[in-house]
Amino acid sequence: MGIIIGIFEEGMIYAILALGVLITYRILDFPDLTVDSSFPLGAAVSAILTVNGMNPLLTLPIAALAGAVSGLVTGLIHVKCHVRDLLSGIITMTGLYSINLRIAGRANLPFFNMETLFDNGFTTSFPTFLQPYSKMIVVLIVLLLVKLLLDLFMKTKAGFLLRAVGDNQTVVTTLAKDSGLIKIEGLVIANALVALAGAVMAQKNRVFDISMGTGAIVFGLAAVIIGMNLFKNISFIKGTTAAIVGSIIYKACVAAALSMGLVPQDLKLITAVLFLLILVLGGVHKKKVKFRA
Amino acid sequence: MKKQLLSLLVVLVLVLSLTSIAGAEAQKTYTIGIAQFAEHPSLDNCRIGFIEGLAEAGYVEGENVTYVVQNAQTDMGLAQQIAAQMAQECDLVCAIATPMAQAAFNACMDSGKPVIYTAVSDPVGSMLANAEGKSDKAITGSCDLLPVEAQLKMIRAILPEAKKIGILYTTSETNSESQLKLYQETAAAYDFEIVASGISTGADIPLALDTLLPQVDCMTNLTDNTVVSYLAVVLDKTNAASKPVFGSEIEQVKNGCLASEGVEYLSLGKETGALAAQVLEGTFAGDIAFVSSEGGDMCYNSEVAAQLNITIPEAEAARGVDVTKE
Amino acid sequence: MLELRDVSKVYSPGSVNENCLFRHFSLSIPDSQFVSVVGSNGSGKTSMLNMLCGSIPVDEGQILMGSQDITKIKDFKRYRNIGRVYQNPAMGTCGSMTILENMSMADNKGKSFGITPGVNKRRIDEYRELLQKLGLGLEDKLHTPVGALSGGQRQAMALLMSTMTSIEFLILDEHTAALDPKTAELIMKLTDRLVREKHLTTLMVTHNLRYALEYGDRIIMLHEGHIVLDKAGEEKANLALDEILALFNQISIECGN
């Protein structure tokens, strides 16, 4: 039972990251490598603020804001300096590494003896039978809130434009809107979500570590693609659900591989094979055809 | 059809994971989890020593102990997941290296399972222990802080003229930071000056050395994972410049460093195993202060010394081990 | 009024392939005029539209919209007064979004796209009415993604969307070329109706000489960046299809087609 709870805790935190990747990869068609650094950025901000005595809950919006700024930087580099999408992400990712070290002050910042998002007056007030699930419940609340807001946002006028710019940039231009600005907006929202995931992760692990972002983008992409393949032919609204489910499945596969006593060296290979199986069984991922003016 | 196959696969994987856990819980002997952060000779020695140490105390694998060994391969996410899993299925978790120790500590905080860590350079700074070396949670372990004083003393004995020691460290490795700090604080007592150069990845090493080497008389290694992994690159440069490198562990001396007064991880592991035995017998882990490695395992490489035209003073040679003669 | 004044455009300048398409080209279209543009491949028809809309910059000369010089204005800003329909039916709509969502976006052109509901529920009946006029049954498929529609249906939507708000200019870039003859006919009739209803200043590039003659107030034939035929009003009405065809063949042969 504990393992299942663990899978959901981890899976749902990474699902917040997957929602961010959903926006960049799926909606904007932008392979955004900023994620590998904006995830630890959120963690660093949340950790240092918590260590300095701020309410852990309050650190979350601030971490998201920091992530938003990192998305803004990538967006500006891409749109205003005309740097290719992949490279703009790499530039921000590289620079953020140093900034993350500066923010946290060190490469590893633990806060074991502090109140965290998961260990405070609210969670200890849960009845005993709910205690084992308290972390899961907190993550679930954050995740559902994020998903709900994102789903709602996608139904607003601004959300329509965001979806339109990834689908067909020409339509946005003929609507007399600057498609570059909208791309930036998408990157801002996506990286805010990724940093929020990082902050929640730091709160759960009670530690910030500079290397915690390594492979974050790979995870996010895998979660989104697995989810999308499981629920094919769906409109975006279900896309958020798909990304969340994809994230949990990915974590479950890793846990299963570990439990089956696989040699750790082979773990990545097993993950890759599972990933491939899901892609193949789910049908080859058809990339939407893009038209340019 | 495909969808069914797919869901079948997912269900199968989940069921398999559940049954194997149930299997582990049914054991009557102790299940001890060993969670190692990275694949690395020093850390491997910790693990081997830990198992030996427990065996010496009467906890023998296959008789009354079952080991679950996992390696996170330096993946932080995986480390968390391994820790969470072990916190559930094991009676005691041995965590090797700082990030793994933090993950295990955090995961076991709720379940109350004891955590025994090793290869942690700064348990207090990593918040695994309080200032007295103890904790109010079920955690204790061993610290592999380098015997910096002994190392500096040895360098002084071998190189009486040397003034500046170069140190390469990885900015992302928290162990290296604390070790470096210790070197900087202690160096003056032996009339040395430390020149440090930070790198972010192994690829930065050649350039960093090109700048660092002309400024220093010799180099000394921390237990920095990145630098140690790229030791061949380091030695290539230092040999070309005819400057000796002092290691932080015997393996490095075997691989071409001049000498080291390093941590002996095998015995550190054994001590850690003894701690675990104490905990299994009922002592609350938090009440046991963490132990530190006892330095003094001096070793040197006479071939390297000959190449560099350096004579190892007799006093040093007498107390040390020549790794080429093993 | 829409005007290209003394415009020059060189492609791949400085390379072996340097190709001067327009040299001191001028064209003026009075308000509410419906102009059909014909010409062989490479005659500069689409380039002319792209220069007007700002998709490609001009090297020299001015572009005027009304009395305003828009030469330096970015493309997306120009579209405030321009509607455009492309040859590819997929270009004018968002395939992953529903008919209703597409219509709502088009309806909001020129206003701010903020954090307010994307669909204005009070306008749905009006969208239905507009769609009904197309006679394609789209009014019953409001929640269908546009990507699931046929090319003709998408093009009809694109046309409707581009003219939903109060624009002054309509740019049609071979917008019937990718459709079957029957649908093309339908789209042309719809175009004519919308242009007349809304008094739009329209520039229509077409390969169909019959449409060029049948619809619009003025016909222009382009050849290698020059206007070789420009007839309006009575003169245009008296033009026979054969005459145009003859001229068209003549320039095509010169090109070696």
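Using alpha-carbon positions, what is the distance between the centroids of segment B:147-183 and segment C:146-175, in Å? Rounded to whole Å, the Cα centres lie 73 Å apart. Straight Cα distances below 16 angstrom link A:K232 to the lysines A:K286, A:K287, A:K288, B:K2, B:K3, with same-chain residues fewer than 8 positions distant left out. Summarise the partner chain shielding of A:198-206 as one whole number: the mean count of Cβ atoms from other chains within 10 Å of each residue's Cβ. Taking the mean over all residues of the peptide, I get 3.
In the context of the full set of protein chains, segment C:90-211 has a per residue accessible area of 41 Å² (1.4 Å probe).
Basic side chains Lys and Arg get +1 at the Cβ, acidic Asp and Glu get -1 at the Cβ, and with that the dipole of segment C:112-257 about its Cα centre reaches some 780 debye.
Over chain C, what is the percentage of antiparallel beta bridges among all DSSP beta bridges, to the nearest 5?
Details: 21 of 39 bridges.
Once the DSSP bridges in chain C are tallied, antiparallel ones form about 55 percent.
Straight-line cross-link reach from C:K121 at under 13 Å between alpha-carbon atoms covers these aspartates and glutamates, not counting any fewer than eight positions away in the same chain: C:E101, C:D107.
Accessible surface for C:E3 stands near 30 Å², nearest 10, in the context of the full protein assembly shown (1.4 Å probe). Shielding of peptide B:99-106 by partners, expressed as the average count of other chain Cβ atoms within 10 Å per residue Cβ, is 4.
Here's the picture: charge each Lys and Arg Cβ at +1 and each Asp and Glu Cβ at -1 in chain C, and of C:L245, C:I73, C:M97 the one pushed furthest to the positive end of that dipole is C:M97.
Using Cα pairs closer than 8 Å and at least 6 residues apart in sequence, work out the relative contact order for chain A, in percent.
Numbers: 477 pairs, mean separation 104.6, N = 293.
For chain A, the relative contact order is 36 percent.
Coupling constants for segment C:55-62 follow from the phi torsions by the Karplus curve (6.51 cos²θ - 1.76 cosθ + 1.60, θ = phi - 60°), and in residue order they are 5, 10, x, 9, 7, 9, x, 10 Hz; glycine and proline get x. Residues whose amide H lies under 5 Å from that of B:T66, counting only those 5 or more places away or on a different chain, are B:Y30, B:T31, B:I32; hydrogens are built 1.01 Å from N in the peptide plane. Put simply, the amide H of B:I199, placed in the peptide plane, has neighbours under 5 Å in B:Y169, B:T170, B:T171, leaving out anything fewer than 5 places away on its chain.
Dipole magnitude for chain B: about 780 debye, using +1 per Lys or Arg Cβ and -1 per Asp or Glu Cβ, origin at the Cα centre. Can you classify segment A:1-119 as rounded, prolate or oblate using the Cα gyration tensor, where a ≥ b ≥ c are the square roots of its eigenvalues, rounded means a/c under 1.5, and otherwise it's prolate if a/b beats b/c and oblate if not? Verdict is oblate for segment A:1-119. For the interface of chains A and B, what total accessible area is buried with a 1.4 Å probe, rounded to the nearest 100 Å²? Using a 1.4 Å probe on protein heavy atoms, the buried area is about 3900 Å².
Treating only the Cβ of Lys, Arg, Asp and Glu as charged (+1, +1, -1, -1), what charge dipole size does chain A show about its Cα centre? Round to the nearest 20 debye.
Numbers: 23 positive and 14 negative charges, 166 e Å.
It comes to approximately 800 debye.
Taking all protein chains into account, the per residue accessible area for segment A:145-238 stands at 28 Å² (1.4 Å probe). Working from Cα positions, state the angle (0 to 90°, nearest 10) between the long axis of helix B:76-89 and the longest principal axis of chain B. Rounded to the nearest ten degrees, it is 50.
Per-residue ellipticity at 222 nm computed for chain C from its helices equals -10000 deg cm²/dmol, with DSSP H segments shorter than 4 residues left out and the rest contributing -39,500 (n - 2.57).
Helix A:35-51 and the longest principal axis of the C-alpha atoms of chain A enclose an angle of approximately 40°.
Looking at the square roots a ≥ b ≥ c of the eigenvalues of the Cα gyration tensor of chain B, which shape do they give, rounded for a/c under 1.5, prolate if a/b is larger than b/c, or oblate? Since a/c reaches 1.5 and a/b is larger than b/c, the shape of chain B is classed as prolate.
Write down the percent of antiparallel bridges among all DSSP beta bridges whose residues are both part of segment C:169-257, to the nearest 5.
On the way: 6 of 11 bridges.
Taking every DSSP beta bridge with both residues in segment C:169-257, the antiparallel ones total about 55 percent.
Which one, C:T206, A:L274, B:S176, projects farthest toward the positive side of the charge dipole computed for the protein assembly as shown from Cβ point charges (K/R +1, D/E -1)? Going by the Cα projections, it comes out as C:T206.
Each pair of Cα atoms in segment C:45-138 enters the Kirkwood radius, and Stokes-Einstein at 37 °C and 0.692 mPa s then converts it into a translational diffusion coefficient of 208 µm²/s. In vacuum, with every alpha carbon of segment C:104-219 counted as one equal point scatterer, what does the Debye formula give for log10 I(q)/I(0) at q = 0.12, 0.16 Å⁻¹? Two decimals, please. Debye curve over Cα of segment C:104-219, log10 I(q)/I(0) at q = 0.12, 0.16 Å⁻¹: -0.46, -0.81.
Under Stokes-Einstein, with the Kirkwood radius over Cα pairs standing in for Rh, what whole-number D in µm²/s applies to chain C at 20 °C and 1.002 mPa s? Display every interim value, and only then the final one.
Working: Rh = 19.3 Å.
Value of D from the Cα-based Kirkwood radius: 111 µm²/s.
Stokes-Einstein, applied to the Kirkwood radius of the protein assembly as shown over Cα pairs at a viscosity of 0.890 mPa s and 25 °C, places its translational diffusion at 78 µm² s⁻¹. Nonpolar atom fraction for the protein assembly as shown, defined as the carbon and sulfur part of the 1.4 Å probe accessible area, stands at 57 percent.
Would you please put B:58-65, A:166-173 in order of how densely packed they are, using the mean number of other Cβ atoms within 10 angstrom per residue and starting with the highest?
Working: B:58-65: 14.0, A:166-173: 24.9.
Ranked from most to least packed, the peptides come out as A:166-173, B:58-65.
Taken as Cα centroids, segment A:6-59 and segment A:62-83 sit 15 Å apart, rounded to the nearest whole angstrom.
Note on C:N249/C:H199: beta-carbon distance plugged into 1/(1 + (r/R0)^6) with R0 of 35 Å gives a FRET efficiency of 0.50.
Other chains near A:161-173: what is the mean number of their Cβ atoms within 10 Å of each residue's Cβ? Walk me through the intermediate numbers first.
Values: counts 5, 1, 6, 8, 1, 2, 9, 10, 1, 9, 13, 5, 10.
The per-residue average across the peptide is 6.
Summing charges over all other residues whose Cβ lies under 9 Å from the Cβ of B:A87, with Lys and Arg as +1 and Asp and Glu as -1, gives -1. Solvent-accessible area lost on pairing A with C (1.4 Å probe, both sides summed) amounts to about 2400 Å². Farthest toward the positive end of the dipole of the protein assembly as shown, out of C:P57, A:S211, A:F39, is the Cα of C:P57, where the dipole comes from beta carbon charges about the Cα centre.
Estimated from helices alone, the mean residue ellipticity of chain B at 222 nm is -14000 deg cm²/dmol (sum of -39500 (n - 2.57) over DSSP H runs with n ≥ 4, per residue).
Please tell me which of these pairs span more than 23 angstrom C-alpha to C-alpha: C:K9/C:K231; C:K77/C:K111; B:K137/B:K181; A:K204/B:K113; C:K77/C:K109; C:K72/C:K231?
On the way: C:K9/C:K231 25 Å; C:K77/C:K111 13 Å; B:K137/B:K181 28 Å; A:K204/B:K113 18 Å; C:K77/C:K109 11 Å; C:K72/C:K231 31 Å.
Too far apart for the 23 Å limit: C:K9/C:K231; B:K137/B:K181; C:K72/C:K231.
Show log10 I(q)/I(0) for segment B:79-121 at q = 0.25 Å⁻¹, two decimals, from a solvent-free Debye sum over equal Cα scatterers. Taking Cα atoms of segment B:79-121 as identical point scatterers yields -0.72.
If you count only protein heavy atoms with a 1.4 Å probe, what accessible area per residue comes out for segment C:1-58, rounded to a whole Å²?
Numbers: 2420 Å² over 58 residues.
About 42 Å² of surface per residue is accessible.
Comparing A:L19, A:L144, A:L72 in a Gaussian network model of chain A, where Cα atoms under 10 Å apart are tied by springs, the biggest mean-square fluctuation is seen for A:L144.
The values are calculated or read from the model by the stated rules, or taken from the named source; none is laboratory data. Please read all numbers here as calculations on a predicted model, not as lab measurements. Positions of Cβ are generated from backbone atoms using ideal geometry, with glycine treated the same way; all protein chains shown enter the neighbour counts. Quick note on the areas: whole protein, heavy atoms, side chains included, nothing else; ligands and nucleic acids left out. Shrake-Rupley method; radii C 1.70, N 1.55, O 1.52, S 1.80 Å.
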